[in-house]
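Worksheet for the structure shown next.
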Amino acid sequence: MTAVMWKPAKEPGRWAAPPRPVWEEAPSRAGITAKSFGLGLACLAVLVPLWIVVVTSLASKKTITRAGGLVVVPRDITFIAYKELLSGGQVTRAALISVGVTVVGTVFSMAVSILCAYGLSRPGSLGHRLILMLLMATMFFGAGLIPTYLLVQTLGLTDSYLALILPSAVSIFNILVLRGFFMGISPELTDSARIDGAGDFRILWQIVMPLSRAVIAVITLFYAVGYWSAWFNASIYLSDQQMMPLQNVLIQLVQKQEIPVGLTQAVRAGPLSGLAVQMAVMVLALLPVAVLSPFVQKHFKKGMLTGAVKG
């Protein structure tokens, strides 16, 4: 007669802890308290500065003057800083440039990375080991800033938006992560599709990519955040201020204290504060990343760890 272990029924609405390995000891009350305290401090270290930036961007000139700078307690909330910034001036143009560069660059980078990773993940592909070694060598040895600038200048990419995309279009680390994930896909699936007459592009599009949504979502976020946050390429390859992306405008506001053209009069004699303008640009620069990250967060564990371990 087989013995049946009785398990208590789960109470409705009660949180259930995830199963714990048999070799792992149950946490003590002191350990749980210390972890909770540490996580709380980490959350405060992130949320408090963000709160101050948002509240200051919504504060009036009178409130900022009364507070002597950054505002912690919201009073006299106004959206005048965002209204002036998005009224069609330099910040609006810079934001559109950043959006365009991010979208085009991310699509191009993902296309090149996926094709390269898929080719390197096929054991029978021509010269894949040599190409893999050459790509990995570029992770440790770089040409340097001056040769890179001379190459971009020789190709005629200076003062063009391609200079913001092509020099940093491909990350070898991202290719290796994609390659590791592709290699983890069962070869029986691709072999059966090849027997049915499917080519490499069809196998990649209809089999490999649907099974790799997690890692593709994570790598796409990496590329998108990289393009959106990039400022160095624009500072050395662009000389026209009208072509500068949002991050470079933010640098001019925060470091050089340069108010965008069109807002000078509103800051000097109007109800708009220069500090509120700076904080509002920071919020606009952080907003896309803050909005997209939660949707990709669930794929981080599966995408990055699986791709890194199997690679």
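Does residue 199 count as of a type outside the set (S, T, N, Q) and within 24 Å of residue 136 (Cα to Cα)?
Details: of a type outside the set (S, T, N, Q): yes; within 24 Å of residue 136 (Cα to Cα): no.
The answer is no for residue 199.
Can you tell me how many residues within region 198-228 are buried (at least 16 other Cβ atoms within 10 Å of the Cβ) and touching a His at 6+ places or on another chain (Cβ under 8 Å)?
Total satisfying the criteria: 4.
Give the residue, chosen from 156, 124, that is under 25 Å from residue 212 (Cα atoms), in a loop (DSSP other than H, G, I, E, B) and more than 27 Å from the chain's Cα centre (by Cα). Give the derivation first.
Values: 156 fails: under 25 Å from residue 212 (Cα atoms).
On inspection, the qualifying residue turns out to be 124.
Of everything in region 69-98, what is open to solvent by less than 70 Å² (accessible area, probe 1.4 Å) and under 23 Å from the mean Cα position of the chain (by Cα)? Give them in sequence order.
Within region 69-98, 91, 92, 94, 95, 97, 98 meet the criteria.
In this structure, does residue 154 turn out to be out of contact with any Pro (no Cβ under 6 Å at 6 or more places or on another chain), of a type in the set (S, T, N, Q) and surrounded by fewer than 16 Cβ atoms within 10 Å (Cβ to Cβ)? Talk me through it step by step, then tell me what you get.
Details: out of contact with any Pro (no Cβ under 6 Å at 6 or more places or on another chain): yes; of a type in the set (S, T, N, Q): yes; surrounded by fewer than 16 Cβ atoms within 10 Å (Cβ to Cβ): yes.
Considered against the rule, which asks whether it is out of contact with any Pro (no Cβ under 6 Å at 6 or more places or on another chain), of a type in the set (S, T, N, Q) and surrounded by fewer than 16 Cβ atoms within 10 Å (Cβ to Cβ), residue 154 comes out as yes.
If you check residue 78 against the conditions, is it assigned to a loop (DSSP other than H, G, I, E, B) and either of a type in the set (D, E, K, R) or over 24 Å from residue 227 (Cα atoms) (or both)?
Against the criterion (assigned to a loop (DSSP other than H, G, I, E, B) and either of a type in the set (D, E, K, R) or over 24 Å from residue 227 (Cα atoms) (or both)), residue 78 qualifies.
Looking at region 221-239, I want the residues that are assigned by TED's automatic domain parsing to the domain that holds residue 108 and have a partner that is surrounded by 20 or more Cβ atoms within 10 Å (Cβ to Cβ) and not in a helix (DSSP H, G or I) with Cβ atoms under 6 Å, at least 6 apart or on another chain. Which pairs are those?
The qualifying pairs are 234/244; 234/245.
So which residues in region 99-125 are open to solvent by less than 20 Å² (accessible area, probe 1.4 Å) and free of Cβ contacts under 8 Å to residues at least 60 places away in the same chain?
Once the filter is applied, which keeps residues that are open to solvent by less than 20 Å² (accessible area, probe 1.4 Å) and free of Cβ contacts under 8 Å to residues at least 60 places away in the same chain, region 99-125 yields only 120.
Check whether at least one residue in region 256-264 is in the same structural domain as residue 163 (by TED's automatic domain parsing) and either at pLDDT 85 or above or part of a helix (DSSP H, G or I) (or both), and report yes or no. Can you show your working first?
Residues of region 256-264 in the same structural domain as residue 163 (by TED's automatic domain parsing): 256-264.
Keeping just the survivors that are either at pLDDT 85 or above or part of a helix (DSSP H, G or I) (or both) gives 264.
Yes, because at least one residue in region 256-264 is in the same structural domain as residue 163 (by TED's automatic domain parsing) and either at pLDDT 85 or above or part of a helix (DSSP H, G or I) (or both).
Step by step: first the residues of region 10-35, then only those that are loosely packed, with under 10 Cβ neighbours inside 10 Å, of a type in the set (Gly, Ala, Ser) and at pLDDT 80 or above, then the one that is farthest from residue 73 (Cα to Cα). Which residue is that?
Only one residue fits best here, namely 28.
Given the structure, is residue 202 of a type in the set (Lys, Arg), in the same structural domain as residue 283 (by TED's automatic domain parsing) and within 26 Å of the chain's Cα centre (by Cα)?
It is false that residue 202 is of a type in the set (Lys, Arg), in the same structural domain as residue 283 (by TED's automatic domain parsing) and within 26 Å of the chain's Cα centre (by Cα).
Taking residue 285, is it out of contact with any helix residue (DSSP H, G or I) (no Cβ under 8 Å at 6 or more places or on another chain) and modelled with pLDDT of 80 or more?
In short, no.
The values are calculated or read from the model by the stated rules, or taken from the named source; none is laboratory data. As the structure is a computational prediction, the values presented were derived from the model and not from experiment. Virtual Cβ from ideal backbone geometry, glycine too; neighbours counted across all protein chains shown. Remember, those area values only see protein heavy atoms, side chains included, never the ligands or the DNA or RNA. Shrake-Rupley method; radii C 1.70, N 1.55, O 1.52, S 1.80 Å.
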